[in-house]
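Okay, so here's the structure we're looking at.
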Amino acid sequence: MRLIAALAGAALVLAMAIDKLHADEMPNLRDPKVIAAGHELFLEKQCAHCHGEDGKGGVNLARRTLDAKGAFTSIAEGREKNGIRMPAWREVLTDKEIWEATAYVLSISQAGQSTN
Amino acid sequence: MGIQETPIVIDGVIYSISSGDRVAALDGKTGQQIWSYEPRLDPLTKKVLFAPYSRGVAVGHGMVFIGTVDGRGIALDQKTGKEKWQVQLTDFANCHGCNFTSPPVVAGDMLTFGSTAGELATQGKIFGVEAATGKKVWEFNTIKEDPKSWPGESGRYGGGGAWMPGTYDAETDTVFYGTGNPGKDFVDTDREGDNLYTDSIVALDAKTGKLKWYRQEIPQDVWDYDSPYEVLLFKKDGKDLIVHMNKSGYAFVLDKGNGNIENIWPISDVKNFVKDIDPKTGKLIGRVELPMNKETLICPSTFGGRSWNSGAYNPKTGLWYNNVLDFCGYLKPVAQKEDPKDYGTGHTGSNDFGRLVMAPDGRKPGQLSANDPFTGARKWSYAMDVPGFASVLTTGGGLVFNGDPMGKLQAFDAETGKVLWSFNTGSGMRSGIVSYAVDGEQYILVPSGWGSYAAILLPPLFPQLEQVPAASTLIAFKVPK
């Protein structure tokens, strides 16, 4: 019984996580218009402060292999690693805007360069 | 965010603060923890620009005092770490996340706190609180209500936060604070006035917060050259003087009683934001303004001619030791939208803090410099491949201790600058080294743990810093008798 309850709980948490991730419409992350909108946000919200305008800043994105889910979650929830903290952008940006920023970030990372 | 504090040691007990405003009391002989305390921080601290670090604690009246990154003052019992009182001082949710990233100052029976502001859409405030109870007694607004100083609505988000610890002078019951830059950092088109009291020393009555005098160092600043760094008090030739480093790298020597200028001198000649500052009047000569949407090379960079890490003065050598920064940056102001619910974006009028570059003459980007604090005459300097961001220590035994961002800790002869000793601490230093004695033996305590905005912003110019591991460590050395 306990095992069933635990599994049910885990399934519920996973479902909620997926719901949260796809809370708003997920656009085509390769659409140039979506990437351009993401670039605008990247500059406006001073992501370049840490990541550089081209992603080659102090926290280098250009060298990283990123995935959509990981990038979205980092932007939405923030993160702390290696003594460096990134603020959380959920409720400041809509999910649509976070997806746009995700699209731009993917386009300047290794993922974006390998499809060019 | 690494470790950014200068610890305090009293009667063999170390009082230390690290990321998340976690406080610990440690045995100075063994490093064993005596007690620890961690406040439950407002979840909004995950979103704000300045968090979650602190530069230290204050100790007095049997209590340990901290300023938190959610805008509270908290008092802990010095022996047990139990909370005695707490008070919400900043309107944290409504001031763009303005908070405390430095400790308060014990000013007699008062406690004074200076909040962050410059890069936040808010006004800077200094608060006076009863040390025994936490009752707020006064509040000083660093933004002067004066339409000539702040045309139109420009003062509303004027900035001017006194974000580093001030200095208390018991002789005159005055607390001296240096205030921060005006907002937006790099755009002054709507604030064409001197923007008082930003980039100033303000002398406040510790009991009432009344302004006794001020000396503005950088009027109508567009380069982010704050004044919040440490205020040194001297008695020299029958005069009571202040020596104070502005972020631009210019040091101001002032009369302690009225702020009159005695001298102004630059710690480095890597500067182009002005031709000079008149050493008698303080007038900025030959300002370089920043055109919108265009990069302009400005020296020193937004890290300044020296960063917030303090220098150290040795009364035996008469020398002031500072980590000088000799590199520059390209600044590009842009139009910026306002969004009151966006706590993470700085109110700077830019997309970033500038593209860092080496000095035009290609010199090494840093030096530990030993200067006469009143004239600026340099006695010696030690060139550094990676500039220093630690607070320096100098001892009565004739030593200077300094750490660099790569983790190298060095001891120098205070008179000559000769390197006497070196040690690899394992992570970079962004904190204050201190000395204390227990049972007649001298210890040197070194916080080692790279972090802060320096860790994020420096690697494009200093790629070797990408390899520096994060840490948050205190290392104690014993000086042989």
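The values are calculated or read from the model by the stated rules, or taken from the named source; none is laboratory data. The model shown is predicted, which means the values in this text are computed figures rather than measured ones. All Cβ positions, even for glycine, are placed from backbone atoms using ideal geometry, and neighbour counts span all protein chains on display.
Listed values, structure above:
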read-out: Of residues in segment B:141-160 being among the polar types (S, T, N, Q) and either exposed (fewer than 12 other Cβ atoms within 10 Å of the Cβ) or part of a loop (DSSP other than H, G, I, E, B) (or both), the one farthest from the chain's Cα centre (by Cα); value: B:149
read-out: Residue match in segment A:80-95 (condition: within 14 Å of chain B (Cβ to nearest Cβ), of a type in the set (Ser, Thr, Tyr) and surrounded by 15 or more Cβ atoms within 10 Å (Cβ to Cβ)); value: no
read-out: Candidate set: segment B:1-31, residues that are more than 14 Å from chain A (Cβ to nearest Cβ) and hydroxyl-bearing (Ser, Thr, Tyr); chosen: the one surrounded by the fewest Cβ atoms within 10 Å (Cβ to Cβ); value: B:30
read-out: In segment B:341-385, the residues that are of a type in the set (A, V, I, L, M) and more than 14 Å from chain A (Cβ to nearest Cβ); value: B:358, B:359, B:368, B:370, B:377, B:383, B:384
read-out: Qualifying residue in segment B:428-451 (condition: within 14 Å of chain A (Cβ to nearest Cβ), surrounded by 17 or more Cβ atoms within 10 Å (Cβ to Cβ) and in contact with a Lys or Arg (Cβ under 7 Å, 6 or more places away or on another chain)); value: yes
read-out: Selection from segment B:250-271 of residues that are buried (at least 16 other Cβ atoms within 10 Å of the Cβ) and either among the acidic types (Asp, Glu) or in a loop (DSSP other than H, G, I, E, B) (or both); value: B:256, B:259, B:262, B:267, B:268, B:270, B:271
read-out: Given (1) over 24 Å from residue B:43 (Cα atoms); (2) surrounded by fewer than 24 Cβ atoms within 10 Å (Cβ to Cβ); (3) within 23 Å of the chain's Cα centre (by Cα); (4) not aliphatic (A, V, I, L, M), number of the condition residue B:92 does not satisfy; value: (1)
read-out: Residue within segment A:96-105 that is buried (at least 19 other Cβ atoms within 10 Å of the Cβ), within 14 Å of another protein chain (Cβ to nearest Cβ), over 12 Å from the mean Cα position of the chain (by Cα) and within 25 Å of residue B:52 (Cα to Cα) present; value: no
read-out: Residue A:33 vs. criteria at pLDDT 90 or above, exposed (fewer than 14 other Cβ atoms within 10 Å of the Cβ) and not hydrophobic (A, V, I, L, M, F, W, C); value: yes
read-out: Criterion (charged (D, E, K, R) and surrounded by 21 or more Cβ atoms within 10 Å (Cβ to Cβ)) met by exactly one of A:69, A:56, A:45; value: A:45
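Rundown of residues vs (1) assigned by TED's automatic domain parsing to the domain that holds residue B:473; (2) outside any strand (DSSP E or B); (3) out of contact with any Phe, Trp or Tyr (no Cβ under 9 Å at 6 or more places or on another chain), yes/no style:
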| position | (1), (2), (3) |
| --- | --- |
| B:40 | no, yes, yes |
| B:49 | no, yes, no |
| B:54 | no, yes, no |
| B:64 | no, no, no |
| B:75 | no, no, no |
| B:128 | no, no, no |
| B:132 | no, yes, no |
